[in-house]
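Written below as structure tokens is the structure these notes are about.
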């Protein structure tokens with residue numbers, strides 16, 4: 001007969017009256033286990049030897065740290081039992097232990113415990129995590145994803161939004177076990193070893209283990225409120241692709257020291273700790289524990305390499321200093337970050353011989369296209385025109401309050417405008433006709449819709465200059481915004497001494513100009529090329545210019561609505577003048593008194609004398625205002641006005657006479 005297996009039972013005072021729940025448990029009798037009961041306060045009485053080296057812990061989980069340290073020193077293996085209503089720790093959950101007492105006892109009595117690492121933080125054993133204080137709204141990244149669904153997720157996101165405005169980056173210096181040093185500023189950090197799920201754990205799952213003598217730390221460093229709010233979606237997507245997102249750092253090392261020049265508030269085992277130096281390290285030997293099958297299967301020894309992936313964190317002294325106060329709403333790029341872009345914008349702001357040559361060619365090409373009423377020729381001039389470059393430079397100069405850049409860009413822009421106006425005016429003066437083609441007509445009545453096109457083009461232009469991967473889209477932007485054609489139409493107005501043509505086209509050009517400047521400036525600010533404190537004067541100026549130019553545009557848009565309403569009313573009716581039907585098609589309306597209407601008159605008969613006068617009077621009565629008509633007559637057969645009826649047996653349309 002085999003001797004009974006001896007096992008220590010370390011218990012808390014709060015469950016002393018429940019000891020019979022385990023002493024009388026069937027598993028104890030089935031496995032011939034002899035329990036040696038020890039109170040938590042009497043740990044020092046435990047003596048470990050070959051036949052007594054395992055203990056069952058039936059204590060409150062807040063007391064786990066001291067017990068784990070004792071187990072590490074005495075080399076005793078542990079099995080864990082839950083206490084009803086006792087909050088479970090990250091350590092307990094990570095071991096994949098059930099809350100059911102019977103199931104947990106079966107695991108705790110297993111005879112093949114697993115060797116795991118024990119992590120200490122400032123000489124305290126970690127069982128409930130280490131992170132910066134006041135980062136509860138980052139729980140989405142480290143907790144179970146099912147906790148953030150439905151209404152709960154909506155409440156969480158609302159809390160997270162308002163929390164973003166109180167975030168303060170902490171300047172820290174990180175020193176790894178092998179001496180690698182990283183100076184940065186962080187808004188959050190978390191020890192990943194005790195988190196079994198969540199986007200961050202999934203992202204670095206291949207290198208996180210409690211059996212590799214390494215700790216894994218994730219660091220948060222959003223450089224603006226906007227990037228912080230975007231971090232959730234980006235992190236979830238990156239976790240699926242196993243790609244480290246921007247503004248997230250990761251360190252895997254045997255020991256990590258976090259130093260700060262100011263008092264920094266942490267949570268160690270959910271207890272506030274204020275210090276200027278925090279040290280995390282793996283205790284030498286670790287402990288043996290009984291854990292669930294999922295934990296056993298997931299833990300593996302990958303390698304002992306130290307990994308410091310902090311390239312995404314701010315590391316320049318100037319940036320860390322800039323982030324030492326409240327987090328800005330938009331990211332701020334340092335001059336070193338956009339040196340190449342700034343040099344390119346300075347180059348674009350200069351008026352060179354190439355710029356002048358391209359301007360001359362594009363103006364001549366656009367003017368010919370306008371006179372020939374050729375859209376393809378006009379589009380070619382749009383692509384060729386170099387005006388977009390100095391406008392984007394002017395936008396950056398205004399944004400950063402840089403008088404040299406904005407002054408040069410404005411001078412270059414003015415040079416291009418003078419070339420366009422003078423050449424197109426000269427061509428209009430020399431050519432022996434003054435016909436307003438459709439291409440010219442289309443640029444005489446700008447509205448708020450044209451301003452919207454300009455704003456979108458300005459955004460695209462700014463991003464095209466800031467991001468090399470979308471720079472190839474800039475010809476499309478040039479076509480969309482069309483800077484040179486309206487300038488040429490203005491010049492044609494000068495050559496014809498036609499103020500209406502000059503004013504309408506110049507208004508379109510100024511609409512495009514101010515819209516691009518404002519939108520590009522705002523885009524550069526969002527990207528981070530100027531803080532709001534520096535950009536507010538330039539932004540205010542560009543918004544003022546757009547506001548001024550919007551007044552005539554809104555009036556023009558209102559006129560467009562009136563014209564559309566008149567066209568709809570006229571086209572929806574059939575007329576009976578002189579005893580036979582008529583319709584109006586291809587209607588053009590010019591507001592004024594009288595209202596001028598040009599259209600094709602669809603009729604089966606040539607109008608008799610006096611009939612147009614009667615038609616004009618009928619339209620005046622319909623529209624309730626004086627009108628003047630200019631009709632081109634199109635003769636059709638009587639069948640044109642007969643209803644089209646669809647045959648029930650055929651998809652073809654047949655015309656049936658109306659009796």
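General remarks:
- Selection count, segment 371-409, where residues are closer than 23 Å to residue 353 by Cβ and either buried (at least 20 other Cβ atoms within 10 Å of the Cβ) or modelled with pLDDT of 95 or more (or both): 17
- Test: residue in segment 549-561 that is in the same structural domain as residue 454 (by TED's automatic domain parsing), surrounded by 15 or more Cβ atoms within 10 Å (Cβ to Cβ), assigned to a helix (DSSP H, G or I) and within 22 Å of the chain's Cα centre (by Cα): no
- Hey, residue 507 touching a helix residue (DSSP H, G or I) at 6+ places or on another chain (Cβ under 7 Å), part of a helix (DSSP H, G or I) and modelled with pLDDT of 90 or more or not: yes
- Condition check for residue 50: surrounded by fewer than 17 Cβ atoms within 10 Å (Cβ to Cβ) and within 51 Å of the chain's Cα centre (by Cα): no
- Residue 509 out of contact with any strand residue (DSSP E or B) (no Cβ under 6 Å at 6 or more places or on another chain) and surrounded by fewer than 19 Cβ atoms within 10 Å (Cβ to Cβ): no
- Restricting segment 59-89 to residues that are in contact with a strand residue (DSSP E or B) (Cβ under 9 Å, 6 or more places away or on another chain) and within 18 Å of residue 122 (Cβ to Cβ) leaves a set whose member that is surrounded by the most Cβ atoms within 10 Å (Cβ to Cβ) is 68.
- Given (1) part of a helix (DSSP H, G or I); (2) in contact (Cβ under 8 Å) with a residue 12 or more places away in the chain; (3) surrounded by fewer than 16 Cβ atoms within 10 Å (Cβ to Cβ), index of the condition residue 99 fails: (1)
- Selection from segment 542-582 of residues that are farther than 19 Å from residue 508 by Cα and in contact with a helix residue (DSSP H, G or I) (Cβ under 8 Å, 6 or more places away or on another chain): 566, 569, 570, 573, 574, 575, 577, 578, 581, 582
- Residues being touching a residue at least 60 places away in the same chain (Cβ under 8 Å) and exposed (fewer than 13 other Cβ atoms within 10 Å of the Cβ) - total across segment 573-602: 1
- Residue match in segment 599-613 (condition: at pLDDT 85 or above, in a strand (DSSP E or B) and within 29 Å of residue 451 (Cα to Cα)): no
- Taken over segment 283-335, the residue count meeting the criterion of being surrounded by fewer than 17 Cβ atoms within 10 Å (Cβ to Cβ), under 24 Å from the mean Cα position of the chain (by Cα) and at pLDDT 85 or above is 1.
- When residue 432 is tested against (1) touching a residue at least 12 places away in the same chain (Cβ under 8 Å); (2) over 33 Å from the mean Cα position of the chain (by Cα); (3) not in a helix (DSSP H, G or I), just one condition goes unmet, and that condition is (1).
- Any chance residue 368 is within 19 Å of residue 427 (Cβ to Cβ), modelled with pLDDT of 90 or more and surrounded by fewer than 20 Cβ atoms within 10 Å (Cβ to Cβ): yes
- Enumeration of residues in segment 112-134 that are surrounded by fewer than 19 Cβ atoms within 10 Å (Cβ to Cβ) and touching a strand residue (DSSP E or B) at 6+ places or on another chain (Cβ under 8 Å): 113, 114, 115, 122, 124, 133, 134
- Criterion violated by residue 409 - all others in (1) part of a helix (DSSP H, G or I); (2) free of Cβ contacts under 8 Å to residues at least 40 places away in the same chain satisfied: (2)
- Every pair of residues 6+ apart whose Cβ atoms lie under 7 Å, when the first sits in segment 360-380 and is touching a residue at least 40 places away in the same chain (Cβ under 8 Å) and assigned by TED's automatic domain parsing to the domain that holds residue 488 while the second is assigned to a helix (DSSP H, G or I) and surrounded by fewer than 17 Cβ atoms within 10 Å (Cβ to Cβ): 373/438; 379/479
The values are calculated or read from the model by the stated rules, or taken from the named source; none is laboratory data. A quick note: this is a predicted structure, and the numbers were derived from the prediction, not measured. Backbone-built Cβ (ideal geometry, glycine too); neighbour counts: all protein chains shown.
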